[in-house]
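Input: a single structure, listed below in structure tokens.
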């Protein structure tokens, strides 16, 4: 029998009423400027390790399926390459889909900007979960809706179990892809699900009620709809067993405002809004 880790215990208490004022802070994995030193490519092993060194509770990853059945982590559907064949800024009009590439070819790809002298490569879900297992972190895994694929869910579940992370994994579903939840729940019951809303979706009591009825434990609101987060809505959500998260808070002032309203989680671009800062804001 495995001994619960610190992250396991935090995860369990976070989703067990009555909720205290703990906040879950997930690092958002996209191309980022690392403290003004250099670009650190998102969805790389270096990015994940550096994020956890910064004090984040968990790691967000967007899952993409290769042509031969492995999961690679990438925010976008594919890669855009520079003249030297290295991964550069994504161009929606000019990219190679990941589902057209075998895993060995993806692993061999390089990003166009090294970090601290190291060449960076795309990261698989297997590697990312190994980092979460090693460093006691929470995986926050996004099943993309364009379209989501049952094969991805099956492979994802295999890897979650392989790394013994079923006790602290969150599955993120955009705008409530219910068939994906049903598929994953059949393969691995007991996971926590987040209902992430797009930029036109307001936080309402109707959304909270429907999310609770569907079995979600988190509603994450896009940055374009922050003004629909209110203390009343957050309190109502808590009464229904749901945490309200903010996706894309860009500055400390917005983080502080959200905390005062009752937000209990973030998908965070801003590395300065780390756990130490959030703890200080909570106790002011």
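Packing around the peptides 219-225, 242-248, 116-122, taken as the average count of other Cβ atoms within 10 Å per residue, puts them in this order, highest first: 242-248, 219-225, 116-122. Among 151-158, 104-111, sorting by the average number of other beta carbon atoms lying within 10 angstrom of each residue, highest first, gives 151-158, 104-111.
Peptides 189-195, 86-92, ordered by how many other C-beta atoms sit within 10 Å of their residues on average, highest first, read 189-195, 86-92. Judged by the gyration tensor of its Cα atoms, with axes a ≥ b ≥ c, region 140-233 is prolate; a/c meets the 1.5 cut and a/b is the larger of a/b and b/c. Which shape class applies to the chain: rounded if a/c is under 1.5, otherwise prolate when a/b exceeds b/c and oblate if not, where a ≥ b ≥ c are the square roots of the Cα gyration tensor eigenvalues? Note, shape of the chain comes out prolate.
The spacing between region 55-120 and region 186-255, judged by their C-alpha centroids, is 29 Å. Helix 125-135 and the longest principal axis of the Cα set of the chain meet at an angle near 60°.
The angle between the Cα long axis of helix 178-187 and the main principal axis of the chain comes to about 80°, on a 0 to 90 degree scale. For region 33-110, a/c is not less than 1.5, where a ≥ b ≥ c are the root eigenvalues of the C-alpha gyration tensor, and a/b does not top b/c. That puts it in the oblate class.
Helix 252-261: angle to the longest alpha-carbon principal axis of the chain, degrees 0 to 90, nearest 10? Its long axis makes an angle of about 40 degrees. Available extension along the chain between residue 223 and residue 107 is 38.5 nm, counting 0.36 nm per residue and deducting the alpha carbon span. With both residues required to sit in the chain, DSSP beta bridges show an antiparallel share near 25%.
Read-outs: derived from the displayed coordinates by stated rules, not from any lab. These figures come from a predicted structure and were not determined experimentally. Note: ideal-geometry Cβ built from the backbone for every residue, glycine included; neighbour counts use all protein chains shown.
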